[in-house]
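J.: Here's a structure for you.
The values are calculated or read from the model by the stated rules, or taken from the named source; none is laboratory data. Quick caveat: nothing in here was measured; it's all calculated off a predicted structure. All Cβ positions, glycine included, derive from the backbone under ideal geometry; neighbour counts span all protein chains shown. Each accessible area value is taken on the protein alone, full model and side chains, heavy atoms only, with ligands, DNA and RNA left out. Shrake-Rupley method; radii C 1.70, N 1.55, O 1.52, S 1.80 Å.
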Amino acid sequence: MAFDIEMIKKVYATMAERVDKARDLVGRPLTLSEKILYSHLWEGTPSQSFVRGKDYVDFAPDRVACQDATAQMALLQFMHAGKSKVAVPTTVHCDHLIQAKVGAEKDLAVANSQSKEVFDFLSSVSNKYGIGFWKPGSGIIHQIVLENYAFPGGMMIGTDSHTVNAGGLGMLAIGVGGADAVDVMSGMSWELKFPKLIGVKLTGKLNGWTAPKDVILKVADILTVKGGTGAIVEYFGEGATSMSCTGKGTICNMGAEIGATTSTFGYDDSMRRYLAATGRQDVVDAADKVADYLTADKEVYANPEQYFDQLIEINLSELEPHINGPFTPDRGTPVSKMKEEAAANDWPLKVEWGLIGSCTNSSYEDMSRAVSIVNQAVANNITPKAEFGINPGSEQIRYTIERDGIIEAFEKMGTKVFTNACGPCIGQWDREGADKQEKNTIVHSFNRNFSKRADGNPNTHAFVTSPEMVAALAISGRLDFNPITDTLLNDNGEEVKLLPPNGDELPKRGFDVEDAGFQAPAEDGSNVEVVVSPTSDRLQLLAPFDAWDGKNISGAKLLIKAFGKCTTDHISMAGPWLRFRGHLDNISNNMLIGAENAFNGKANLVKNQLTGSYDAVPAVQRAYKAAGVPSIVVGDQNYGEGSSREHAAMEPRFLGVKAVLVKSFARIHETNLKKQGMLALTFANEADYDKIQEDDTINFLDLTEFAPGKPLTLEFVHADGSKDIILANHTYNASQIGWFVAGSALNLIAAGKA
Ligand code: MIC
Ligand code: SF4
């Protein structure tokens with residue numbers, strides 16, 4: 001039986017009435033995305049139609065999921081909200097804090113001892129407030145959500161950008177910062193600008209070496225890392241229905257890489273099969289009763305150009321395997337072009353490592369298709385040229401692939417089987433020799449490949465591709481190996497051509513697991529004590545941020561003008577810093593250390609305007625804070641791309657930065673800044689970015705008139721006394737301005753005024 005089946009039935013019980021009402025109000029057939037949005041309004045039955053890309057709307061998500069690295073901050077905030085229990089079903093998953101070093105058993109034991117304090121904290125807070133707790137080793141949040149909680153037509157939020165993975169089961173699942181999760185856990189509405197809609201029509205059928213991953217690698221190449229901003233991507237067509245449910249999950253998962261709010265697919269047989277295989281026939285029975293409401297109206301998919309803001313068509317029969325990277329997930333190269341591209345760009349051709357796993361590609365089907373390539377290598381006496389590592393997505397998958405001989409087959413090739421966790425995907429990879437910073441290439445089935453992300457080495461060229469392609473490239477040891485046309489030489493000197501992958505969508509003998517790693521919360525948690533040691537370097541209780549003093553900010557210094565790509569990995573690095581995710585003061589020492597200073601091209605070296613000397617960004621900001629001098633950060637396009645981590649907003653807030661002024665923002669980061677009481681501003685005229693100079697002092701001229709839709713005026717005083725007046729746009733509505741005024745959204749909740 002599914003968890004929370006009564007909640008799911010309740011959602012379905014009102015679906016028809018709400019969607020029918022919405023269709024009347026909107027006055028035309030509805031997409032699936034609209035059906036889910038309109039059936040999850042905070043007000044209940046819809047009473048008006050909303051303008052996409054413009055109206056802020058209050059929603060009522062069905063559930064919340066948090067992972068350990070973000071849950072610490074989310075739950076520290078929730079503890080301030082004054083509630084005794086979470087208002088909607090919520091889970092916490094321990095997956096980010098486990099290092100991949102020697103292999104699952106030892107690595108997990110090390111994590112359990114090193115992060116004991118944090119896991120104990122998360123487990124006791126979960127127990128106290130009615131939250132389901134998934135222990136370290138149980139698996140990666142998004143895989144567990146897909147296996148246990150996601151349901152067609154549902155809406156959920158999660159404190160991780162890849163929450164969107166649950167779109168594979170026909171949900172609208174959206175990544176948010178912890179403060180947003182706190183709203184919903186506290187029984188409040190959750191606000192989102194009504195998204196635009198991008199339709200992706202999939203014709204034809206996947207075949208040969210092409211996998212679901214290639215669909216999203218292609219979409220990323222088309223739309224780029226910001227092309228999906230503010231939009232939901234809805235996939236449909238014969239190519240969609242012929243694909244597995246976990247394959248759909250892969251596609252939705254990497255929707256985060258194009259900045260999309262989320263992605264989804266209509267309810268179909270692949271979802272029925274997956275739900276049944278994961279023990280949720282009850283969800284199938286309930287969903288079948290409202291099946292028409294769990295996909296778009298027929299007219300929509302027949303004439304999609306009339307209903308979507310943008311339409312993309314991809315013919316799967318012609319789609320080639322893609323290899324995206326390095327350093328950005330939207331740089332797509334079809335396998336047939338890799339020889340030229342790699343040579344033209346001087347990418348190291350030798351592949352050092354092949355990694356299969358992460359929340360994107362760690363399903364049973366992924367492992368089974370990848371191992372079909374590995375088996376061919378073993379059978380043909382081919383010694384793999386690169387090292388191999390896998391991370392199963394969950395204990396259920398690990399147990400089942402072990403039972404089915406898949407792990408053994410991987411091990412025959414010397415593969416390291418890491419814990420069911422994020423591992424190398426988030427820099428939790430103790431890669432031997434990474435400190436030498438050699439230029440090298442790795443291939444992986446993950447979603448992100450930003451600089452330094454996997455192993456901390458800025459010279460590691462990481463390429464993203466499907467699990468089966470990772471297997472082929474790692475066996476060949478070459479980035480430009482094309483398994484469709486090229487052959488390999490085996491240990492007997494014979495030429496061998498690999499056959500295309502084949503595998504089982506779902507285990508023939510069903511899934512199995514002994515201990516999935518779940519801990520249900522206490523019925524009554526009022527007596528559970530949550531202890532945070534005042535001397536801990538891992539956890540720190542939060543103190544409320546100061547309210548706005550009602551005055552214009554004046555005499556602010558420019559802390560950094562960041563140039564080019566500035567993701568949340570650049571603003572608040574993960575890897576070794578994950579250990580401080582529950583301690584705001586300590587983690588603030590990584591603030592913006594990865595961002596490139598536009599004035600000297602260096603990372604983590606900025607001018608301290610009080611002394612004239614250069615120092616690390618956190619040190620300079622701490623000096624400004626100590627002197628009571630406000631500061632601002634200037635950035636480029638798509639600032640804050642990537643993760644949902646609100647540390648990237650809380651750190652500057654905590655250290656005294658007042659505003660972040662950029663060419664454009666990624667959605668989650670912009671909201672995180674607003675929620676923490678910061679000013680998130682964009683240049684009205686992007687070219688003004690060039691006017692900002694290293695020694696600038698900034699005065700806000702009309703912050704006292706801060707109002708929705710009204711740009712703010714900033715005066716930049718340069719070192720020679722000359723001035724530039726710069727207009728800054730913002731997207732704050734009235735209640736969001738309230739967060740700024742109060743010092744943070746949480747301050748309002750704590751005061752009972754939200
Ligand atoms: C990521 O993939 O970058 C993460 C780590 O999962 C983040 C969350 C975090 O920083 O904790 C995300 O994607 O939101
Ligand atoms: Fe974990 Fe990587 Fe997925 Fe983020 S993208 S949740 S780090 S596996």
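J.: How about Lys607: which lysines have a C-alpha closer than 16 Å to its C-alpha, ignoring those fewer than 8 places off in the same chain?
T.: Excluding near neighbours in sequence, the set is Lys557, Lys561, Lys625.
J.: Using +1 at the C-beta of Lys and Arg and -1 at the C-beta of Asp and Glu, which of Met171, Gly582, Tyr624 has the Cα lying farthest in the positive direction of the dipole of the chain?
T.: The Cα lying farthest towards the positive end belongs to Tyr624.
J.: While we're looking at this one, here's another question. Please work out the Cα center distance from the stretch 97-159 to the stretch 595-658, rounded to the nearest Å.
T.: 32
J.: Rounded to the nearest 500, what is the 222 nm mean residue ellipticity of the chain from helices alone, with -39500 (n - 2.57) per DSSP H run of 4+ residues and division by all residues? Before the final figure, lay out the partial values.
T.: Values: 25 runs with 230 residues, N = 754.
Estimated from H runs of four or more residues: -8500 deg cm²/dmol.
J.: Here is the link list: Lys218/Lys602; Lys436/Lys663; Lys602/Lys658; Lys10/Lys201. Which ones come out longer than 26 Å on Cα distance?
T.: On the way: Lys218/Lys602 32 Å; Lys436/Lys663 35 Å; Lys602/Lys658 23 Å; Lys10/Lys201 31 Å.
Too far apart for the 26 Å limit: Lys218/Lys602; Lys436/Lys663; Lys10/Lys201.
J.: Related question: Direction-averaged shadow area of the convex hull around the Cα atoms of the stretch 30-140, nm²? Intermediate results must be reported in sequence, preceding the final value.
T.: Numbers: hull surface 38.7 nm².
With the hull built on Cα positions only, its mean projection is 9.7 nm².
J.: Here is a follow-up. Counting only heavy atoms of protein chains, what accessible area per residue, in Å², does the stretch 1-102 have with a probe of 1.4 Å?
T.: Values: 3730 Å² over 102 residues.
Per residue, the stretch 1-102 has an accessible area of 37 Å².
J.: Quick check: pseudo-label points 7 Å beyond the Cα along Cα→Cβ at Ala344 and Lys298, how many nm apart are they?
T.: The answer from the label model is 4.7 nm.
J.: How big is the Cα convex hull of the chain in projection, averaged over all directions, in nm²? Can you show the working numbers first?
T.: Values: hull surface 121.2 nm².
One quarter of the hull surface, i.e. the mean projection, equals 30.3 nm².
J.: Okay, moving on. Accessible area of the stretch 225-350 with a 1.4 Å probe: how many percent of it is carbon plus sulfur?
T.: The nonpolar share, carbon plus sulfur, comes to 47 percent.
J.: If you take the square roots of the eigenvalues of the alpha-carbon gyration tensor of the stretch 103-221 and sort them as a ≥ b ≥ c, do you get rounded (a/c under 1.5), prolate (a/b over b/c) or oblate? If you can, show how the numbers build up before the last one.
T.: Details: a/c = 2.63, a/b = 1.35, b/c = 1.95.
Oblate shape, in that a/c is at least 1.5 and b/c is the bigger or equal ratio.
J.: Could you pull out every residue, at least 5 positions away or on a different chain, whose amide H is within less than 5 Å of the one on Leu197? Hs are placed 1.01 Å off N in the peptide plane, and Pro or chain starts have none.
T.: Ile232, Asp309, Gln310
J.: Something else now. What distance in nm lies between label points placed 7 Å from Cα along the C-beta direction at Asn685 and Ala707?
T.: It is 2.4 nm.
J.: Another question, if that's okay. Under 5 Å between amide H atoms, partner at least 5 residues away or on a different chain: which partners does Gln67 have, H built in plane at 1.01 Å?
T.: His93, Thr159
J.: What does the charge count around Ala74 come to, taking other residues whose C-beta lies under 11 Å from its C-beta (Lys +1, Arg +1, Asp -1, Glu -1)? Walk me through the numbers before you get to the answer.
T.: Working: positive: Arg581, Arg645; negative: Asp68, Asp160, Asp180, Asp183, Glu646.
Summing Lys/Arg as +1 and Asp/Glu as -1 gives -3.
J.: For the charge dipole of the stretch 23-132, defined by +1 on Lys and Arg C-beta atoms and -1 on Asp and Glu C-beta atoms about the Cα centroid, which residue among Pro61, Leu108, Val86 has the Cα displaced farthest towards the positive pole?
T.: Ranked along the dipole, the leading option is Pro61.
J.: Continuing with this model, one more query. How many angstrom lie between the C-alpha centres of the stretch 692-754 and the stretch 518-587?
T.: What the calculation gives is 22 Å, centre to centre.
J.: Below 12 angstrom from the Cβ of Thr163, what's the summed charge of the other residues (Lys, Arg +1; Asp, Glu -1)? Write out the running numbers ahead of the final one.
T.: Values: positive: Arg63; negative: Asp160, Asp180.
Net charge in that neighbourhood comes out at -1.
J.: Could you tell me what percent of the accessible area of the stretch 444-546 is made up of carbon and sulfur, with a 1.4 Å probe and every protein chain present? All intermediate terms of the calculation are to be shown ahead of the outcome.
T.: Working: 2270 of 4800 Å².
It is 47 percent, rounded to a whole number.
J.: What is the gain in length, in nm to one decimal, between Asp546 and Asp720 on full extension, counting 0.36 nm per residue of separation less the C-alpha to C-alpha distance? Before the final figure, lay out each step's value.
T.: Details: separation 174, 0.36 × 174 = 62.64 nm, distance 3.36 nm.
Between Asp546 and Asp720, full extension yields 59.3 nm more.
J.: Please work out whether the stretch 137-179 counts as rounded, prolate or oblate from its C-alpha gyration tensor, where a ≥ b ≥ c are the square roots of the eigenvalues and a/c under 1.5 means rounded, while otherwise a/b larger than b/c means prolate and anything else oblate? All intermediate terms of the calculation are to be shown ahead of the outcome.
T.: Working: a/c = 2.08, a/b = 1.03, b/c = 2.02.
Cα axes put the stretch 137-179 in the oblate bin.
J.: Right, here's the next one. If I compute solvent accessible area with a 1.4 Å probe over the protein chains, what percent of it on the stretch 594-695 is carbon and sulfur? Each step should come with its number before you reach the end.
T.: Working: 1410 of 3040 Å².
Within the stretch 594-695, the accessible surface is 46 percent carbon and sulfur.
J.: Could you pull out the GluC sites (Glu not before Pro) across the stretch 468-570 that fall in loop regions by DSSP (anything but H, G, I, E, B) with no more than 11 other Cβ atoms inside 10 Å?
T.: Details: sites: Glu468, Glu494, Glu495, Glu505, Glu514, Glu523, Glu529; in loops: Glu494, Glu505, Glu514, Glu523, Glu529.
Passing sites in the stretch 468-570 are Glu514, Glu523, Glu529.
J.: Residues of the stretch 367-457: accessible area per residue at 1.4 Å, in Å²?
T.: Values: 3040 Å² over 91 residues.
Accessible surface, normalised per residue, equals 33 Å².
J.: Nearest 5 percent is fine: what portion of the DSSP beta bridges confined to the chain is antiparallel?
T.: Numbers: 36 of 98 bridges.
Taking every DSSP beta bridge within the chain, about 35 percent pair in antiparallel fashion.
J.: Related question: Excluding ligands, DNA and RNA, what is the solvent-accessible area per residue of the stretch 492-570 at a probe of 1.4 Å, expressed in Å²? Write out the running numbers ahead of the final one.
T.: Details: 4650 Å² over 79 residues.
The answer is 59 Å² per residue.
J.: Largest first, how would Leu108, Leu712 line up by accessible area (1.4 Å probe)? Present the calculation step by step, with values, prior to reporting the outcome.
T.: Values: Leu108 45, Leu712 0 Å².
Descending accessible area places them as Leu108, Leu712.
J.: Continuing with this model, one more query. Let's see if you can work this out: charge +1 on each Lys and Arg Cβ, -1 on each Asp and Glu Cβ, no other charges. What is the dipole magnitude of the stretch 407-495 about its Cα centre, in debye to the nearest 20? Working shown, then result.
T.: Details: 9 positive and 13 negative charges, 112 e Å.
That gives a dipole near 540 debye.
J.: While we're on this one: Considering only C-alpha atoms, what is the centroid distance from the stretch 12-48 to the stretch 366-396, in Å?
T.: Cα centroid to Cα centroid, the span is 46 Å.
J.: When the dipole is taken about the Cα centre of the chain, and only Lys, Arg (+1) and Asp, Glu (-1) are charged at their Cβ, what size is it in debye, to the nearest 20?
T.: The dipole magnitude comes to about 920 debye.
J.: List every DSSP H helix in the chain whose Cα atoms extend 24 Å or more along the helix's own long axis and whose mean Kyte-Doolittle hydropathy is at least 1.0. Walk me through the numbers on the way to the answer.
T.: Values: long enough: 5-26 (30 Å, -0.10).
Membrane-span-like by this criterion, though nothing is claimed about a membrane: none.
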